[in-house]
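Everything below concerns the one structure shown next.
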Amino acid sequence: MSESPVAVSQQKEVWGSDAIAAMLRALEVPYLALNPGASYRGLHDSIVNYLGNERPQMLLCLHEEAAVAIAHGYAKASGRMMGVVLHSNVGLMHGSMAIFNAWCDRVPMLILGATGPWDAARRRPWIDWIHTASDQGALVRDYTKWDNQPASVPAAYEALLRASQMANTAPRGPTYINLDAALQEAKVGALPPLPEVSRFQAPEAVLPNPDLVRKAAQLLSGAKSPAILVGRVSRSEAGWKARVALAEKLQARVFTDIKTPAAFPTDHPLHAAPPATFPDGKLLKDADVILSLDWVDTAGTLKAAWGDSPVAAKVIRVSVDAHLHRGWSADYQGLPPADVYMMCEPDVAVPLLLEAAKARPAAVSPKRESPEEKEQAVSIRALARAFNELTEGQDICLSKLPLGWNGAYRHFRHPLDYLGADGGGGVGAGPGLTVGAALALQKSNRMVVGIMGDGDYLMGVTALWTATHYKLPCLILVANNRSFYNDEMHQERVAKERGRPVENKWIGQRIDEPDIDLAAMARAQGAEGIGPVKRLDELKPSIEKAIKHVKAGAVCVVDVRVMPGYDAPVSGGAASARR
Ligand SMILES: Cc1ncc(C[n+]2csc(CCOP(=O)(O)OP(=O)(O)O)c2C)c(N)n1
Ligand SMILES: [Mg+2]
C-alpha cells in the first residue's frame, strides 16, 4: 500500500516542515490520514520528499471526516495513536464532528492543522486571508485535550512531544497542533537537534491506593449479589482474562455495553444480559455491591435501577475519566455516587482486586435471554444469523454495528471481536471506523466487518476509496432500511404524545424515490458491490460471496434491504431517548 516518491538528493539545508516531519518520525507516528490543502503544502512536501512518504506514511482520504474516523478506528483496534492532517479552517471544520466522536470515545489521536502565514505581510491575496484564523484551536478546544500553535521549530518539537504524551495519557483523547504556514515554509538551515523522545513518554498507569483496593475487595467479597459493569477497558487479552477470573472468583453478574468495545465473553454464564445501549435497570436492582469499571454512564445506569431513590447498592467506581471533564459538552454523564472511588484505569485495578478479593460461592446461573424467531423476511436479525453461520469459528473484528442491532445477535469472545460504537453519536463514522480498523489489523488474520445503517454508510461512504486505494480488505454489510429510521421512531413518539397522525412519521426521514444504489457507490470507488439483496434466500449466498471477495483482498459492500424495525432491547428511559 505504499506510494513511493522518486528519490530526492540529500540536502544540507532543511525547512521548518522537514524538522516537524522528522519529529513525527521520532515519535513513531505510523500514518497520517489527510485530505490535501495549501495551508500545509510545506508539511506535505516534507512527508513526501524529506521522509520518502514512510514512517509516517500518508493515507489520502476523500473527506476530512473520513480521515479522522479512520484514525479513530485505527486507535480502537490497535490501541495506538496515529496522525491526521487537516487543512486550515475548512478542513478542521469538516473533521470536527469526527474529532468529537474520538473525544467521547477516549481514543488517542494526533491532529495537525495549519494556518496563515500568521505574519499578514506575507500572505497571498485572498486565499491566505480566508484560511487564517486568530484562534483556530478554539473550533475544537472543547473536545480536544490540548492545542497549541508553535512559533518556532524548537517550540514545534515541544508541542508535538506534549501533544503525543497527552493524547496517550489516560484518559486518552485527541490533541491538536496548528502549524503556521510561514513556520513550515521557512528555511532553517541544518536540522535542529531532535529531543530524546524516550524521555517524554506517557506515564505508566497509576496504581490505586492499597487501602482502597482492600476496602473494595472487602465489599465485593462480602456481597450477597455483586455486579460488575464493564465499560471502557483495553484490548489486552491479559486484561480480558483478569476480568473473567475476577467475575468467577466473586461469582458476580457482569454487564457489558454495546457502545463500548468487547470487554467480557458474552456467552459466559455470568454475563447477565446481551450488551445494550440502555441497560435494563431491573436486572441490576437486586445487586448490593456494584463495581463500575469505567462504565460510560454509571449514574444513568443506577438511575435506571433505583429511579430517584437513593442507590441502595454500594458502588465501587474505577475510572480516571473525571480528569477529562469539561463544561462544554456533557459527555461526562451524570455524577455517580461512589462508596469507594479508585481513580485508576480498570486494567490496573482488576488484577489487584482479583488478588485481594475472597472467593464467593457459586450462585445459580442467571437465566439467559435469546430473541425468539419471528419472521422470514430480511431483517437485521436474519442478517445477523446468516453472517454468524458463515463466520462460525472465524476471527472477525466487528468495527461497527447498526442501531437496530440487538446485543444478543452475536457473541463476543475476544477483545477484538467488537470495537464499540462511534463514541459521540455522530452518524457517518461507520465506514471510516471500518477502514481504520482494517488498517490496524491488515497483517492479522482477523477479517474486519462493519455492519451499519444506510444513513451511516451514505454519510461516510467516501472512506471506501481509501480502503481500495491502499488495499485494506474489509467487509461492509449495510442494514439498509432506506430511512433514517431511528428518527422515524422519534416522530412516532411525538405524534402519539400530541395525538397527531403516526402515519406521517416517515416524512423527512425516508431515503427513497429515487432508491440509492449503495452497491454501485462501492463499485464506483473500486470496491466490490453486491445487492440490493431483497430476499431471504439471496442473503446467505450474497454474504458468502462477499466474504470470498474480502478473503481475496477486496473491499466489499453488500446492500441488504432490511425491513424497518428495531429488535433492540428497550427499557426504562430508553423509550424516549434521543440520539
Ligand atoms: C451527524 C448526525 N446527524 C444526525 C444524527 C441523528 N440521527 C441519529 S440516528 C439517525 C439515523 C441513522 O440512520 P441509519 O444509519 O440508516 O440507521 P437507522 O436508524 O435507519 O437504523 C440520525 C439521522 C446524528 N446522530 N448524527
Ligand atoms: Mg436506515
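Annotations for the structure displayed:
- So Lys471, is it on the phi > 0 side of the Ramachandran plot and away from ligand 2 (no atom under 15 Å from the Cβ): yes
- Per-region count, the range 291-329, residues closer than 22 Å to Thr277 by Cβ, in a loop (DSSP other than H, G, I, E, B) and hydroxyl-bearing (Ser, Thr, Tyr): 2
- Test: residue in the range 305-318 that is modelled with pLDDT under 95, over 28 Å from the mean Cα position of the chain (by Cα) and surrounded by 15 or more Cβ atoms within 10 Å (Cβ to Cβ): no
- Residues of the range 12-34 that turn out to be over 15 Å from Met82 (Cα atoms), open to solvent by less than 50 Å² (accessible area, probe 1.4 Å) and either among the aromatic types (Phe, Trp, Tyr) or not in a helix (DSSP H, G or I) (or both), as a count: 1
- Matching residues, the range 539-550, being within 12 Å of Thr391 (Cα to Cα) and open to solvent by 10 Å² or more (accessible area, probe 1.4 Å): Lys540, Glu544, Ile547, Lys548
- Residue selected from the range 488-505 under the condition basic (Lys, Arg) and assigned to a helix (DSSP H, G or I), by the criterion nearest to Ala520 (Cα to Cα): Lys505
- Selection count where residues are modelled with pLDDT of 95 or more, hydrophobic (A, V, I, L, M, F, W, C) and assigned to a loop (DSSP other than H, G, I, E, B), scope the range 541-575: 3
- For first residues located in the range 479-493 and open to solvent by 30 Å² or more (accessible area, probe 1.4 Å), partners that are of a type outside the set (D, E, K, R) and within 7 Å of ligand 1 (Cβ to nearest atom) and lie 6+ apart or on another chain with Cβ distances below 7 Å form the pairs Phe484/Gly455.
- All of Ala227, Ala205, Ala245, Ala217 fail the test of being within 27 Å of Leu284 (Cα to Cα), small (Gly, Ala, Ser) and open to solvent by 20 Å² or more (accessible area, probe 1.4 Å), apart from Ala245.
- Every residue from the range 510-534 that is at pLDDT below 95 and crowded, with 19+ Cβ neighbours inside 10 Å: Gly531
- Options Ala276, Ala238, Ala299, Ala322: the member that is out of contact with any Leu (no Cβ under 7 Å at 6 or more places or on another chain) and over 26 Å from Arg410 (Cβ atoms): Ala322
- Selection from the range 264-294 of residues that are closer than 18 Å to Leu220 by Cβ and among the aliphatic types (A, V, I, L, M): Leu270, Ala272, Leu284, Ala287, Val289, Ile290, Leu291, Leu293
- Of all residues in the range 494-509, those that are away from ligand 1 (no atom under 11 Å from the Cβ) and either hydrophobic (A, V, I, L, M, F, W, C) or open to solvent by less than 60 Å² (accessible area, probe 1.4 Å) (or both) total 6.
The values are calculated or read from the model by the stated rules, or taken from the named source; none is laboratory data. The structure presented is a predicted model; accordingly, all values stated were derived computationally and were not measured. We place every Cβ from the backbone using ideal geometry, glycine too, and count neighbours over all the protein chains shown. For the accessible areas, the whole protein counts, side chains as well, though only heavy atoms, and no ligand, DNA or RNA atoms are used. Shrake-Rupley method; radii C 1.70, N 1.55, O 1.52, S 1.80 Å.
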